[in-house]
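The structure appears below as structure tokens.
The values are calculated or read from the model by the stated rules, or taken from the named source; none is laboratory data. Since we're looking at a predicted model, the values are computed, not measured. For neighbour counting, all protein chains shown are included, and Cβ atoms are generated from backbone atoms with ideal geometry for every residue, glycine included. Remember, those area values only see protein heavy atoms, side chains included, never the ligands or the DNA or RNA. Shrake-Rupley method; radii C 1.70, N 1.55, O 1.52, S 1.80 Å.
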Amino acid sequence: MSVRVYVPRDAGAVAVGADEVAVALRAAAARRGLAIEIVRTGSRGLYWLEPMVEVATAAGRVAYGPVQADDVEGLLDAGFLDGKAHALHQGIADDIPWLKRQTRLTFARCGIVDPSSLDDYRAHDGLKGLAKAVSIGAEATIEEVVQSGLRGRGGAGFPTGIKWRTVAQTAAAQKYIVCNADEGDSGTFADRMIMEGDPFVLIEGMAIAGIAVGATRGYVYIRSEYPHAIAAMEEAIAVARRGGLLGKAIAGSRFDFDLEVRAGAGAYVCGEETSLLESLEGKRGIVRAKPPLPAHYGLFGQPTVINNVLSLATVPIILQKGAAFYRDFGMGRSRGTMPIQLAGNVKFGGLFETAFGVTLGELVDDIGGGTFTGRPVKAVQVGGPLGAYFPRALFDTPFDYEAFAARDGLIGHGGIVVFDDTVDMAKQARFALEFCAIESCGKCTPCRIGSTRGVEVVDRIVAGEKRTDNLALLEDLCNTMKFGSLCALGGFTPYPVMSALNHFPEDFGGARPRLQAAE
Ligand SMILES: Cc1cc2nc3c(=O)[nH]c(=O)nc-3n(C[C@H](O)[C@H](O)[C@H](O)COP(=O)(O)O)c2cc1C
Ligand code: SF4
């Protein structure tokens, strides 16, 4: 009987040598006459241990990492196919404390299953949510999602069930489900991990959405910088179609649903839902004025559900286990779990899914282990390039939409980027404005012009030119962008700028009176 060995094919693992490890393992096993079966999985999300290789033993899957191709002979000599000791031995994978502390609902299968096998997906509770949706019908499915308290994980935190209901109640011959897999936020990779590690959960979630609102077609809009995710999704869609999960009468039901992948072209603003729709229609990615909402007038002018990967990938477990199960996790109006991504200068970077309510300090110091460089943490940016910088003084903030908003921050897509004490926050503020200038779609003046003027004003402040006047000008400019921009690119860029200025005035040339962010 052959021994099953799991080697990730996740882009993050491949980048540090997972493919070479798989090749070396196969060759070494053949040379030694050992029967092994290599299964390529997604990542478990412990990126400092990648490539993390697991071996199936009677006691469970035993993990080794980080494994390089030239470790393979030594691992085989040490008896790793029997889960024996070695310097890279991490013990039973499920018992690794970093993994054990998590509550994996959306990521329940990621890193465990073969992402190209529908049978494996089924064997790990896959398709139970879809079966439930088929049996209870559209309205009850929407009600489950509403009751679960699930909010959009793309950034805005809008209740998913309410969005679905709006589309369901809008009459049209054709409706669409669009999955936003543009994942442009700095320090985020959860969407990519799902698509590479458990693509069927996204397909299942989209099919459930289709049943709920009466949509028969879907699109997954993936950034072109994600070739592995694009390939994994295309492979899974083909498998799903062959397995009767997509197409006519999906999973033997009375519902039809099919979907395809579309690749973006690398603009951050194409993650904004209306500009994404323009791009999907083959046009330049420029933001549309709202109303009309995409729920009423979306793709090709038809009612459209547009949701983030994580929102859609969470729906199957909600349907499978019921709204109350999911809603029981979390705090306040932030229900369920959040797949948090620890990145930047952090010791233990990776995917940490946990119930809302964990504090920022716990995440950075305890779970993240502080900085990779070993220097003190100076700041963290939460929620992507438009998120605020939080100093240590705000580390008691619980991970919760409202708690972050109350402190002029946002949790966005759940990315946390850690910086040590060598970071210059004036440079970060300048970068935020420069980023906005480069990525602006150009439709509205506060963002298009304001971001460029903002870079110039920060430069003058740092150079010590008319500091008081220029600080007042920067505040005024930020307020104009915040209140006068058409979308959140221009509207939220003031957050990283103002937070850097308010929390780290010394980096802007010395102490100064606190600027008031306009409410
Ligand atoms: C500039 C900008 C970029 C955005 N990028 C993304 C993105 O990459 N992925 C995403 O899911 N949402 C992104 N959003 C949010 C979307 O506009 C939209 O709110 C989201 O796709 C809705 O899905 P959800 O309700 O499931 O979160 C972005 C918004 C803005 C303003
Ligand atoms: S805020 Fe910027 S990105 Fe958004 S519509 Fe205006 S110009 Fe375009």
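Is it the case, given these coordinates, that Phe325 is away from ligand 2 (no atom under 16 Å from the Cβ), under 19 Å from the mean Cα position of the chain (by Cα) and either surrounded by fewer than 20 Cβ atoms within 10 Å (Cβ to Cβ) or without any contact (Cβ under 8 Å) to a residue 60 or more places away in the chain (or both)?
Details: away from ligand 2 (no atom under 16 Å from the Cβ): yes; under 19 Å from the mean Cα position of the chain (by Cα): no; either surrounded by fewer than 20 Cβ atoms within 10 Å (Cβ to Cβ) or without any contact (Cβ under 8 Å) to a residue 60 or more places away in the chain (or both): yes.
In short, no.
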From Gly412, Gly387, residue being within 19 Å of the chain's Cα centre (by Cα), at pLDDT 95 or above and on the phi > 0 side of the Ramachandran plot
Gly412
Are any of the residues in segment 132-150 part of a loop (DSSP other than H, G, I, E, B), open to solvent by 10 Å² or more (accessible area, probe 1.4 Å) and touching a helix residue (DSSP H, G or I) at 6+ places or on another chain (Cβ under 6 Å)?
yes
Count of residues meeting criterion [touching a helix residue (DSSP H, G or I) at 6+ places or on another chain (Cβ under 8 Å) and of a type in the set (Gly, Ala, Ser)] in segment 321-360
8
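Of the residues in segment 332-351, how many are part of a strand (DSSP E or B) and small (Gly, Ala, Ser)?
Total meeting the criteria: 4.
Being among the small types (Gly, Ala, Ser) and open to solvent by 50 Å² or more (accessible area, probe 1.4 Å) is the filter here; which residues of segment 229-275 pass it?
Passing the criteria: Ala231, Ala251, Gly252, Ala263, Ala265.
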Conditions (1) crowded, with 17+ Cβ neighbours inside 10 Å; (2) within 16 Å of Arg26 (Cα to Cα): number failed by Asp77
(1)
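Residue-by-condition table, conditions (1) in contact with a helix residue (DSSP H, G or I) (Cβ under 7 Å, 6 or more places away or on another chain); (2) modelled with pLDDT of 95 or more; (3) outside the structural domain of Gly187 (by TED's automatic domain parsing); (4) over 26 Å from Tyr268 (Cβ atoms):
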{"residue": "Leu363", "(1), (2), (3), (4)": "no, yes, yes, no"}
{"residue": "Asp366", "(1), (2), (3), (4)": "no, yes, yes, yes"}
{"residue": "Gln381", "(1), (2), (3), (4)": "yes, yes, yes, no"}
{"residue": "Arg392", "(1), (2), (3), (4)": "no, yes, yes, yes"}
{"residue": "Thr397", "(1), (2), (3), (4)": "yes, yes, yes, no"}
{"residue": "Phe404", "(1), (2), (3), (4)": "no, yes, yes, no"}
{"residue": "Arg407", "(1), (2), (3), (4)": "yes, yes, yes, no"}
Hits in segment 482-507 (condition: part of a helix (DSSP H, G or I), surrounded by fewer than 24 Cβ atoms within 10 Å (Cβ to Cβ) and more than 14 Å from ligand 2 (Cβ to nearest atom))
Asn502, His503, Pro505, Glu506, Asp507
Mind checking which pairs have a first residue in segment 360-376 that is under 18 Å from Asp400 (Cβ atoms) and a second that is basic (Lys, Arg) and not in a loop (DSSP other than H, G, I, E, B), Cβ under 8 Å, 6 or more apart or different chains?
Gly361/Arg392
